[in-house]
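The values are calculated or read from the model by the stated rules, or taken from the named source; none is laboratory data. Note that the structure is predicted; figures quoted are calculated from it, not measured. All Cβ positions, glycine included, derive from the backbone under ideal geometry; neighbour counts span all protein chains shown. To get the accessible areas, we keep the full protein, side chains included, count just its heavy atoms, and leave off ligands, DNA and RNA. Shrake-Rupley method; radii C 1.70, N 1.55, O 1.52, S 1.80 Å.
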Amino acid sequence: MKIYLIGLPSSGKTTLGKQLAVAVKSTFIDMDDLIEKQEGKTIAEIFAKNGEDYFREVEQKTLLNLVNTVNGNQIISTGGGVPCFFDNMEQMNTDGMTIYLKVSPKELVKRLTGTGTASRPLLQGKKNQELEDEITNKLKQRDQYYSQAKHILDGDKLHVNDLINLVKYVVD
């Protein structure tokens with residue numbers, strides 16, 4: 001079964017996804033890493049050189065490739081915007097299990113200020129209240145898509161065991 005982890009940047013998709021993949025003996029795929037390898041550029045460079053529209057098209061092609069060619073058990077960490085464009089959310093819901101890691105803006109600010117925003121094109125250069133305002137706005141825009149996930153988990157204090165239990169419950 002494919003499991004798609006969705007949510008805003010720093011919601012835990014990659015960190016928890018890697019841990020979940022090990023726990024359930026699955027392969028982990030990070031869509032952003034895959035796109036960077038395919039394009040030979042960082043996400044920030046793709047945004048700067050080619051713009052957001054181009055990047056969203058690359059994301060969609062990458063997702064459709066995963067939907068159509070990848071078989072078996074996969075844990076897939078999507079980019080934060082993947083569910084919000086084209087029919088990507090519908091594709092993921094049809095193809096596998098979708099899990100929205102719903103993290104509060106205040107918690108995301110804590111996480112992002114610890115790791116920096118330089119690698120996140122849509123949050124680049126923002127600090128503290130400006131960052132929280134931007135995250136709150138992004139969440140308002142994207143929640144309608146994220147909320148279409150088959151499962152929604154409170155990500156503020158989410159532990160990998162919560163994901164493992166959900167996956168085992170659904171699979172059994």
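Could you grab me the full set of residues in the range 38-97 that are open to solvent by 60 Å² or more (accessible area, probe 1.4 Å), part of a loop (DSSP other than H, G, I, E, B) and more than 24 Å from ILE135 (Cα to Cα)? GLY40, ASN71, ASN73 - these are the residues of the range 38-97 that are open to solvent by 60 Å² or more (accessible area, probe 1.4 Å), part of a loop (DSSP other than H, G, I, E, B) and more than 24 Å from ILE135 (Cα to Cα).
Of all the listed residues (ILE152, ILE135), the sole one being in contact with a strand residue (DSSP E or B) (Cβ under 6 Å, 6 or more places away or on another chain), of a type in the set (A, V, I, L, M) and either part of a helix (DSSP H, G or I) or open to solvent by 50 Å² or more (accessible area, probe 1.4 Å) (or both) is ILE152. Filtering PHE55, PHE28 for residues that are in contact with a Phe, Trp or Tyr (Cβ under 8 Å, 6 or more places away or on another chain) and either at pLDDT below 95 or aromatic (Phe, Trp, Tyr) (or both) leaves a single hit, PHE55. Among the residues making up the range 98-110, those that are closer than 19 Å to LYS140 by Cα and either part of a loop (DSSP other than H, G, I, E, B) or open to solvent by less than 40 Å² (accessible area, probe 1.4 Å) (or both) are ILE99, TYR100, LEU101, VAL103, SER104, PRO105, GLU107, LEU108, VAL109. Scanning the range 155-167 for residues that are outside any helix (DSSP H, G or I) and in contact (Cβ under 8 Å) with a residue 60 or more places away in the chain, we see that the one that is most open to solvent (accessible area, probe 1.4 Å) is LEU158. Scanning the range 9-37 for residues that are hydrophobic (A, V, I, L, M, F, W, C) and part of a helix (DSSP H, G or I) turns up LEU16, LEU20, ALA21, VAL22, ALA23, MET31, LEU34, ILE35. Only one entry in SER147, SER104, SER119 is at pLDDT below 85 and either of a type in the set (Ser, Thr, Tyr) or touching a Phe, Trp or Tyr at 6+ places or on another chain (Cβ under 8 Å) (or both), namely SER119. Candidates in the range 40-91 are the residues that are aliphatic (A, V, I, L, M) and under 25 Å from LYS168 (Cβ atoms); of these, the one that is farthest from the chain's Cα centre (by Cα) is VAL70.
Here is the figure for the range 14-29: residues that are open to solvent by 20 Å² or more (accessible area, probe 1.4 Å) and in contact with a Ser or Thr (Cβ under 6 Å, 6 or more places away or on another chain) total 1.
Listed by first and then second residue, the pairs with beta-carbon distance under 9 Å, at least 6 apart or on different chains, first residue in the range 21-44 and among the aromatic types (Phe, Trp, Tyr), second open to solvent by less than 50 Å² (accessible area, probe 1.4 Å), are PHE28/THR14; PHE28/GLY17; PHE28/LEU20; PHE28/ALA21; PHE28/GLN74; PHE28/ILE75; PHE28/ILE76; PHE28/SER77.
Of the numbered criteria (1) at negative phi; (2) more than 16 Å from the chain's Cα centre (by Cα), the one LYS25 fails is (1).
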